[in-house]
Amino acid sequence: MPGSFSPLASARLKYQPRMPGLLKALPKLQAVGLKNKVKTDPGVRPFFSQLADSELVEFKRGRQIPGRPLKVGVFFSGGQAPGGHNVVSGLFDALKKIHPQAQLVGFLGGPSGLVEGKTKAVVAPALKFYRNQGGFDFLGSGRTKIETEEQLEAALACVRRLDLDGLVVVGGDDSNTNAALMAEYFLKHKAKTKVVGIPKTIDGDLRSFWIENSFGFDTATKVYSELIGNIAKDALSAKKYYHFIKLMGRSASHVTLECALKTQVNFAFIAEEIRDRKLSLKELIDGLCRKIEKRIRHGKNYGVVLIPEGLIEFIPEVKRLIGELNRILASDSSFLKVETPDSAAVQMEKIQPLLSASSRLCFQQMPRLIQTQLLCDRDPHGNVQVSQIETEKLIMELVFSQMKARGLKFKAQAHFLGYEGRSALPTNFDADYCYSLGFLAAALIQAGKTGYMAALKGLKKFTGAWQPFGVPLVSLMKLEERKGQKKPVVQKALVDLKGRDFQLFCRRRLKWENADDYLCPGPIQF
Ligand code: FBP
């Protein structure tokens, strides 16, 4: 049992998630392949000789297939997202519904649990304490990438040893890339284990026509919005600080856009717009300073600015610099050890001559703290860890210098909202969505489908009407440069600047910049 329960957490244990009507029919479900609904990118095809021609799968009510007890493995991968435990609960309940002798095996600590064979049997008495709860603590999570021949071989050996019919990967874009690689490898080696991915990430960037959203986004943005609303109220009360709030979300600004719409704060940067307008760091800061100055001249020495954590990667000159740094760091493993300002200073000396003249200048103009953070270790997928770069402080300090130069009174506070929302108690939406995704994963495995992502369409309708699909993972992939090489990866979806949400934000933001039209949503999670 995971420690004690607050009254709310205990009440949530009893919540019975709602499900799409069709999924309730399991095991009387029939999977049907739909031709020409999805395609595999020509650049990606050569990497997936087994999976390249996979079709979209939909479900229909069918006859009862004589149930056999399935044995399935599951692991969490990457950052926590509210609802993960309900994926396990839905999967467990569905497998037991197919056959009471079914078994579910959890891999501990994420993908490394699979490679190293660290497991835990998922059983009803233990699982009951995790239903509708936040976090991933039932199994733990990790960011190990399964891509080398050795790791794939170890994963194959493990699923064979455990005699698994299926493997469910609960992860974001990179983890689902891993899932596709494993599905392909298992097929090539004639293993029976079917691999199914679940769209997880608070970042909201794992979406496409078929995947309407990743789980966790709903809860996390509601938790952040509550906190931002509280900060805005504090700003309005004290009237002495500008608050610079960085929000998690990696490259995409979905989280920031959603929170801006929910709280109506004065300013929110949308990184995709900065990229589209090709704004340099100087132009971005000058623009913000003009607006803040206007407020200050109207007696408003307070305000709230939202900053997506990925902003730094979207400023053209910084993006170029990061690209060059990534290539340099990937070319020599002795560069990958920047943990302290001292080791950073040594690396800076070594790296600067290798940069182009414009990137060197950009690097030299950054405060020392940001230079160090730009050199820090990449994650196992080769990404800059944008959550570790204190962009909120960078922007706050640059604005501060300008305000000082203009002789204006300006005080500021920096915040980073990220981990506060990732393990929250899931909203009813995320609880229902995750439970249903777990059920759907079982249905895909029962139907013998591998290399698929579980997808539910019609999420804006009531739960009963959601439609289950299996989307081939390869159809979600594109070639991208990782650690200096072109690799097939599940594509991240960025904010669509022509989309409804961004357009709504554009129509309203001028008013929000000048007026204090803050919304303080409070605990809207339930
Ligand atoms: P995933 O893509 O794994 O879902 O990551 C979500 C996230 O919360 C990002 O928003 C953030 O940049 C990152 O994890 C932080 O990573 P870590 O937990 O390793 O500090």
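The values are calculated or read from the model by the stated rules, or taken from the named source; none is laboratory data. Being a predicted model, the structure only gives us computed values, none of them experimental. So basically every Cβ, Gly included, is an ideal-geometry build from the backbone, and we count neighbours across all protein chains shown. Only protein heavy atoms, including side chains, enter the accessible area calculation; ligands, DNA and RNA are left aside. Shrake-Rupley method; radii C 1.70, N 1.55, O 1.52, S 1.80 Å.
When the range 253-282 is filtered for residues that are among the hydrophobic types (A, V, I, L, M, F, W, C) and open to solvent by 20 Å² or more (accessible area, probe 1.4 Å), the ones remaining, listed by number, are Leu261, Phe269, Leu279, Leu281.
For the range 435-483, a residue qualifies if it is open to solvent by 20 Å² or more (accessible area, probe 1.4 Å) and closer than 22 Å to Arg63 by Cβ, and the qualifying residues are Gln446, Ala447, Gly448, Lys449, Gln467. Checked across the range 244-252, the condition of being modelled with pLDDT of 95 or more, more than 16 Å from the ligand (Cβ to nearest atom) and either buried (at least 20 other Cβ atoms within 10 Å of the Cβ) or within 22 Å of Ser387 (Cα to Cα) (or both) holds for at least one residue.
Residue-by-condition table, conditions (1) under 27 Å from Ala252 (Cα atoms); (2) part of a loop (DSSP other than H, G, I, E, B); (3) open to solvent by less than 50 Å² (accessible area, probe 1.4 Å):
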| position | (1), (2), (3) |
| --- | --- |
| Ser141 | yes, yes, yes |
| Val159 | no, no, yes |
| Ser175 | yes, no, yes |
| Met182 | yes, no, yes |
| Tyr185 | no, no, yes |
| Ile202 | yes, yes, yes |
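With respect to (1) within 16 Å of the ligand (Cβ to nearest atom); (2) of a type in the set (A, V, I, L, M, F, W, C); (3) assigned to a helix (DSSP H, G or I), the lone exception for Leu236 is condition (1). Filtered by the rule that a residue be in contact (Cβ under 8 Å) with a residue 12 or more places away in the chain, acidic (Asp, Glu) and within 30 Å of Lys487 (Cα to Cα), the range 108-161 gives Glu116, Glu147. Looking across the range 132-154, the residues that are within 21 Å of Pro17 (Cβ to Cβ), within 16 Å of the ligand (Cβ to nearest atom) and in contact with a Ser or Thr (Cβ under 9 Å, 6 or more places away or on another chain) come down to Gly134, Gly135, Phe136, Asp137.
Here is a yes/no grid of residues against (1) in contact (Cβ under 8 Å) with a residue 24 or more places away in the chain; (2) in a helix (DSSP H, G or I); (3) away from the ligand (no atom under 16 Å from the Cβ):
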| residue | (1), (2), (3) |
| --- | --- |
| Leu26 | yes, no, yes |
| Ala31 | yes, no, yes |
| Ala52 | yes, no, yes |
| Gln64 | yes, no, yes |
| Gly67 | yes, no, yes |
| Gly79 | yes, no, no |
| Pro82 | yes, no, no |
| Phe92 | yes, yes, yes |
| Leu104 | yes, no, yes |
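Taking the range 161-173 as the range and being over 11 Å from Tyr452 (Cα atoms), within 25 Å of the chain's Cα centre (by Cα) and either within 16 Å of the ligand (Cβ to nearest atom) or open to solvent by 10 Å² or more (accessible area, probe 1.4 Å) (or both) as the test, the residues that pass are Val170, Gly171, Gly172, Asp173.
Look at (1) in contact with an Asp or Glu (Cβ under 8 Å, 6 or more places away or on another chain); (2) open to solvent by 20 Å² or more (accessible area, probe 1.4 Å); (3) at pLDDT 95 or above and you find that Phe215 fails only one, number (2). Within the range 407-424, residues that are under 11 Å from Gln80 (Cα atoms) have Cβ atoms under 7 Å from residues that are within 11 Å of the ligand (Cβ to nearest atom) and open to solvent by 30 Å² or more (accessible area, probe 1.4 Å) in these pairs: Arg422/Gln80; Ser423/Gln80, counting only partners at least 6 apart in sequence or on another chain. Taken over the range 1-58, residues that are within 17 Å of Trp466 (Cβ to Cβ) and surrounded by 12 or more Cβ atoms within 10 Å (Cβ to Cβ) amount to 15. Please tell me if Glu226 is touching a strand residue (DSSP E or B) at 6+ places or on another chain (Cβ under 7 Å) and either on the phi < 0 side of the Ramachandran plot or part of a loop (DSSP other than H, G, I, E, B) (or both). Spelling it out, it is not the case that Glu226 is touching a strand residue (DSSP E or B) at 6+ places or on another chain (Cβ under 7 Å) and either on the phi < 0 side of the Ramachandran plot or part of a loop (DSSP other than H, G, I, E, B) (or both). For the range 382-405, a residue qualifies if it is within 13 Å of the ligand (Cβ to nearest atom) and either at positive phi or polar (S, T, N, Q) (or both), and the qualifying residues are Asn383, Gln385, Ser387, Gln388, Thr391.
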